[in-house]
Amino acid sequence: MRGNEAIDSKPQLEAEIRRRIADEGGISFADYMALCLYHPEYGYYMAPRTRIGKEGDFFTSSSVHSLFGRLLARQLRQMGEILGKDDFTIAEQGAGEGHLCLDILDALAEEDPEFYGRVRYLLVEISPDNRSRQRQRLDRHLPRVDWCRLEDLQGMEGCVLSNELIDAFPVHLVEKRDGELLEVYVTESAGELTEELRPPATEALADHFHWLGVAPVEGNRAEVNLEARRWVAEVGRLLGRGFVLTVDYGYPAAELYAPFRRNGTLMCYHRHCSSDDPYRNPGAQDITAHVDFTALEREGEGVGLVPLYFGEQYRFLMGLGFVEALIELQARESDPKRAQALRLTLKNLIMPDGGMGETFKVLVQGKGVGRPDLLCARALRDLPLPPLGM
Ligand SMILES: C[S@@+](CC[C@H](N)C(=O)[O-])C[C@H]1O[C@@H](n2cnc3c(N)ncnc32)[C@H](O)[C@@H]1O
């Protein structure tokens, strides 16, 4: 499918949201976001739509270039060696259109066919539309790939992988007013969807900030991703032995809830335009919030997940050999214009100063694997120098 012109308005979803608001006297922002993204028929991720890439609403690292997946494949191979078993399971949750899975399996098939033959790649995907896009894209790897539910991973040994999954979980919105923590509810006024600040319906939000030891300051708005905590706790319990590798944009809690971040991090994406208005075109735009990596680490530790690595995407990719891989790819490109275009494309993956290289972080947690020296953690000073003449 090309553009999304015919599906940029979802009157049925808006009617459903208004009905829920009328029935319940307002709904929490988290419930509103869940309806917008995951309503079974009309939700942004559930209904047919080109979401990722030039024709869609946003790019992800895996849609920028296959090198992202190729480098990740190196880390997965090392994880396979560390586990030292015959089979290695990669379980990717929220794989979108399957770009990353394709690039990882292509790289493994090419660079280590023996390991490729021992890999089972499971996809956990909520969206029927994405499941069918994944099946099409992964055509040539179908003998290695399967789809399952998260709970089916019970006892798995391998790596649970995700790229931009957690930022797509529905979040609660809170504001600190006159010393009190209030929650954003969505209501209707004069025919418009509008916000109302109310005492939270559950203690869970205040408890969350006590547990974290950080909270938004007076006057600030912030998001609380309780679903992220439930998710990592479940993944940690399900994993028999192995790793959880999470890539997403976000910060440690102290930075996420820093006083200067007055309006939080909630953002919407529609055809490569960003906006901070989640009430525009419900169901036709992506809504996301930055991830709290402290909460993921801490909740994980409670279920036996040991934090092994946390760093910016550029460091992670450098550790896995980004520079040598770039040089190799360039050497294969005889046309100087195309070589330059390649450099510019790849630069996106490691751009600092608000680019993907810095905004995106990678967290690796381990269970039953000790504290191995991961390839991705190689310090820049320890990396081999590129050949002269570059
Ligand atoms: C922003 S997209 C990321 C796509 C992909 N990982 C990439 O990098 O191109 C979020 C993905 O997570 C999926 N998703 C969201 N919540 C999920 C859940 N609870 N279980 C499984 N998949 C989920 C969405 O359907 C979508 O495929």
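Points worth noting:
- Residue 125 on the phi > 0 side of the Ramachandran plot and within 20 Å of the chain's Cα centre (by Cα): no
- Leading residue by the ranking (farthest from residue 105 (Cα to Cα)) among those in the range 60-90 that are β-branched (Val, Ile, Thr) and away from the ligand (no atom under 14 Å from the Cβ): 82
- In a residue-by-residue description of the range 353-371, the property of being open to solvent by 40 Å² or more (accessible area, probe 1.4 Å), out of contact with any helix residue (DSSP H, G or I) (no Cβ under 7 Å at 6 or more places or on another chain), in contact (Cβ under 8 Å) with a residue 40 or more places away in the chain and closer than 21 Å to residue 64 by Cα applies to no position.
- Residues satisfying the stated conditions in the range 31-59, i.e. open to solvent by 10 Å² or more (accessible area, probe 1.4 Å), within 16 Å of residue 169 (Cα to Cα), part of a loop (DSSP other than H, G, I, E, B) and within 11 Å of the ligand (Cβ to nearest atom): 45, 46
- Counted residues, the range 313-340 - those being in a helix (DSSP H, G or I), among the acidic types (Asp, Glu) and exposed (fewer than 14 other Cβ atoms within 10 Å of the Cβ): 1
Every residue, every condition in (1) more than 19 Å from the chain's Cα centre (by Cα); (2) within 30 Å of residue 196 (Cα to Cα); (3) not hydrophobic (A, V, I, L, M, F, W, C), yes or no:
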| position | (1), (2), (3) |
| --- | --- |
| 269 | no, yes, yes |
| 277 | yes, yes, yes |
| 286 | no, yes, yes |
| 305 | no, no, no |
| 308 | no, no, no |
| 319 | yes, no, yes |
| 337 | yes, no, yes |
| 366 | no, no, yes |
| 374 | yes, no, no |
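- Put simply, of 283, 250 the only residue that is part of a loop (DSSP other than H, G, I, E, B), within 16 Å of the ligand (Cβ to nearest atom) and buried (at least 21 other Cβ atoms within 10 Å of the Cβ) is 283.
- Evaluating residue 300 against the criteria (1) buried (at least 18 other Cβ atoms within 10 Å of the Cβ); (2) in a strand (DSSP E or B) leaves one unmet condition, (2).
- Those residues of the range 224-247 which are part of a strand (DSSP E or B) and either modelled with pLDDT under 95 or open to solvent by 10 Å² or more (accessible area, probe 1.4 Å) (or both), in sequence order: 241
- Number of the condition not met by residue 103 [criteria: (1) modelled with pLDDT under 95; (2) within 12 Å of the ligand (Cβ to nearest atom); (3) assigned to a helix (DSSP H, G or I)]: (1)
The values are calculated or read from the model by the stated rules, or taken from the named source; none is laboratory data. Just so we're clear, the structure is a prediction, and the values are computed from it rather than from any experiment. For neighbour counting, all protein chains shown are included, and Cβ atoms are generated from backbone atoms with ideal geometry for every residue, glycine included. These accessible areas exclude ligands, DNA and RNA; they are computed on the full protein's heavy atoms, side chains included. Shrake-Rupley method; radii C 1.70, N 1.55, O 1.52, S 1.80 Å.
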